[in-house]
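The values are calculated or read from the model by the stated rules, or taken from the named source; none is laboratory data. For clarity, every value in this text was computed on a predicted model and none was experimentally measured. So basically every Cβ, Gly included, is an ideal-geometry build from the backbone, and we count neighbours across all protein chains shown.
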Amino acid sequence: MIMIIGSQHDDILYYETIMSNKKQEVVLEKYTITIGTIFNRSVLLVYEAKTNYVSSALTLYLIEKYYVILVLMVGRCVAYTKDIKPTEIAISKYIIAGDVDQVNEDNVKLGQIPGFPQVFDCNEDVIGYLTSAFEKRTMSAIKISNYISTSVDYHSSKQVSHIREFDNILGFDKNIVFDCNSAGIAMVSSLRRVPFVSVKVVERYLDDKSDINSYLKAIKHYSEIGKAIVTCIGDIGRNEIITGEGAY
C-alpha cells in the first residue's frame, strides 16, 4: 500500500478522481481514508494531517494497519530562501523538525528529536523516480529541497530567528522550505523503516502575505504534482524498487 497524505481535502482530490475500486473508511473515529488502486497498485489517501503531532499519530496507525510501504506527503509549503520560488515544486531531500529543542536535556543538536537523527533522509530512489516523472509528464520547475517542519504556521522570518544563524537555518543554506507536518511523518516512517518523500508546491515566501490569491495559484499546480506522482507509482510498480517494511 502506498500512502498519499495531505493537510486538507484539496491536497488529495486529484488522486481520488483517478483512483479505481474506491472505498472509504473512517479511522480513529474522525479521519476519512480512501483506498483504491492506481496503476494496479494499492493506494491509501488521507488528509487532515495538520501539525506534526497529528501527522505522526495518524501515520503510525495507518502504516501498521494497512502495511504501508511508501509515504508521499503532498500539499503546500512556504519558501525561506529566494532560490526556490512560489509555484515551484519542492521535493524533499532532507527533513528536520524545526521546533524541537532538547539540547539542554539530552546530548542532541537543535532540531533533533532524542533517539532519532537530527536530519531525516528521504529515499533517493523515490526522489529519482519523482524527478524523472516531473521531467517527462509536466512543465513544472522542481527543486530538491530542505524541509524545515514545525507545528507552527510561520508568516514572518522574524519568527524563525531562534533557529537562524547568519543565512543558515539549522545548517541549511539553500532551497529551504517550511511546512507543518512532514517531520512527524518522517519520524514515524523512519521508525517503521518505510520510505518517505514530501512533494509540495511553494505557495509563497515566508514573509509574504498568505491570501486566497496565493492559495489559488498554488493549487493550480496540484494536477502537475498528481501526474508526476501517478507516473512515479507506475514506475515503482514496474521496477519493484519498494517491497515493504525495511525497504531502505
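Kindly evaluate S189 against the criterion of being surrounded by 14 or more Cβ atoms within 10 Å (Cβ to Cβ), in contact with a helix residue (DSSP H, G or I) (Cβ under 6 Å, 6 or more places away or on another chain) and either of a type in the set (S, T, N, Q) or under 26 Å from G234 (Cα atoms) (or both). Lay out the reasoning, then the answer.
Numbers: surrounded by 14 or more Cβ atoms within 10 Å (Cβ to Cβ): yes; in contact with a helix residue (DSSP H, G or I) (Cβ under 6 Å, 6 or more places away or on another chain): no; either of a type in the set (S, T, N, Q) or under 26 Å from G234 (Cα atoms) (or both): yes.
Considered against the rule, which asks whether it is surrounded by 14 or more Cβ atoms within 10 Å (Cβ to Cβ), in contact with a helix residue (DSSP H, G or I) (Cβ under 6 Å, 6 or more places away or on another chain) and either of a type in the set (S, T, N, Q) or under 26 Å from G234 (Cα atoms) (or both), S189 comes out as no.
All conditions but one from (1) surrounded by 16 or more Cβ atoms within 10 Å (Cβ to Cβ); (2) within 22 Å of S210 (Cα to Cα) apply to F134; the one that does not is (2).
Before we move on, is D173 out of contact with any helix residue (DSSP H, G or I) (no Cβ under 6 Å at 6 or more places or on another chain), closer than 24 Å to A141 by Cα, crowded, with 24+ Cβ neighbours inside 10 Å and acidic (D, E)? The answer is no for D173.
Meeting the requirement of 1 or more residues that are of a type in the set (S, T, N, Q), the strands (runs of 3 or more DSSP E) wholly within the range 130-248 are 142-149, 196-205.
What do you reckon, is T17 farther than 21 Å from S190 by Cα, in a helix (DSSP H, G or I) and either among the hydroxyl-bearing types (S, T, Y) or in contact with a Gly (Cβ under 6 Å, 6 or more places away or on another chain) (or both)? Walk me through how you get there before you give the answer.
Values: farther than 21 Å from S190 by Cα: yes; in a helix (DSSP H, G or I): yes; either among the hydroxyl-bearing types (S, T, Y) or in contact with a Gly (Cβ under 6 Å, 6 or more places away or on another chain) (or both): yes.
Judged against the criteria, T17 is a match.
For G111, state whether it is modelled with pLDDT under 95, surrounded by fewer than 22 Cβ atoms within 10 Å (Cβ to Cβ) and on the phi > 0 side of the Ramachandran plot. Break it down stepwise before answering.
Numbers: modelled with pLDDT under 95: yes; surrounded by fewer than 22 Cβ atoms within 10 Å (Cβ to Cβ): no; on the phi > 0 side of the Ramachandran plot: yes.
The answer is no for G111.
Tell me which residues, restricted to the range 70-108, are closer than 19 Å to V188 by Cα and surrounded by fewer than 17 Cβ atoms within 10 Å (Cβ to Cβ). Hits for the range 70-108 are D101, Q102. For the range 235-246, does any single residue satisfy the condition of being farther than 23 Å from Y15 by Cα and either out of contact with any Gly (no Cβ under 9 Å at 6 or more places or on another chain) or surrounded by 19 or more Cβ atoms within 10 Å (Cβ to Cβ) (or both)? Yes, the conditions are met somewhere in the range 235-246. Of the residues making up the range 114-131, those that are more than 30 Å from G237 (Cα to Cα) and loosely packed, with under 15 Cβ neighbours inside 10 Å are P114, G115.
Please report, ordered by residue number, the strands (runs of 3 or more DSSP E) entirely within the range 26-120 with at least 1 residues that are touching a Lys or Arg at 6+ places or on another chain (Cβ under 8 Å). I'd like the intermediate steps shown before the answer.
Numbers: elements: 31-38, 41-46, 70-79, 89-97.
Correct list: 31-38, 70-79, 89-97.
Across the range 23-57, the qualifying residues are those that are more than 15 Å from V230 (Cβ to Cβ) and basic (K, R), and the one among them that is farthest from the chain's Cα centre (by Cα) is K23.
If you go through the range 44-87, how many residues are β-branched (V, I, T) and in contact with a Gly (Cβ under 6 Å, 6 or more places away or on another chain)? Break it down stepwise before answering.
Of all residues in the range 44-87, those β-branched (V, I, T) come to 46, 51, 54, 59, 63, 68-69, 71, 74, 78, 81, 84, 87.
Next cut, in contact with a Gly (Cβ under 6 Å, 6 or more places away or on another chain) only: 69, 74.
Total meeting the criteria: 2.
Just to be sure before I move on: is N52 surrounded by fewer than 16 Cβ atoms within 10 Å (Cβ to Cβ) and touching a residue at least 24 places away in the same chain (Cβ under 8 Å) in the structure I sent?
Answer is no for this residue.
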